[in-house]
Amino acid sequence: MGERVAMLPAGTKFVKRVLHKGMSGEDVKYVQELMDELNDFYKFCPNRTDLKTSGFYGPETARFVTYFQIWMDLVMDGYFDKNTSEKAEQKWQDMIRLRSRKWYETYEDYCMDQY
């Protein structure tokens with residue numbers, strides 16, 4: 001399998017690379033927070049606990065991402081890649097619109113509005 005190229009939607013300033021098990025960083029924290037919040041709303045992962053925001057892409061992060069991929073009918077490889085990112089941002093937009101009836105361009109815009 002060849003090297004994946006991260007081509008994330010414009011405005012996703014915290015994730016610039018394809019993420020997978022064993023990686024760490026602030027972008028991993030971003031994905032963990034995003035997956036946890038989406039799961040709280042949509043309940044796509046049959047996990048009874050929240051996803052911890054550790055910054056390390058371990059088995060639990062891969063599990064949440066994989067269940068999200070299953071739910072979105074994507075390749076179930078546990079990689080947070082372009083397709084997974086696009087679907088996550090889309091579902092996040094839907095969730096925010098339903099929750100607040102206000103539309104944000106990106107997850108980061110929402111975060112900035114909360115402070």
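There is at least one residue in the stretch 89-106 that is basic (Lys, Arg) and either surrounded by 17 or more Cβ atoms within 10 Å (Cβ to Cβ) or at positive phi (or both).
Yes or no: residue 42 buried (at least 17 other Cβ atoms within 10 Å of the Cβ) and either in contact (Cβ under 8 Å) with a residue 24 or more places away in the chain or under 20 Å from residue 107 (Cα atoms) (or both)? Criteria not met by residue 42.
Where a number appears in this text, it was derived from the coordinates with a stated rule and is not lab data. Computed from a predicted model, the values in this text were never measured in an experiment. As a convention, Cβ positions derive from the backbone with ideal geometry for all residues, glycine included, and neighbour counts pool all protein chains shown.
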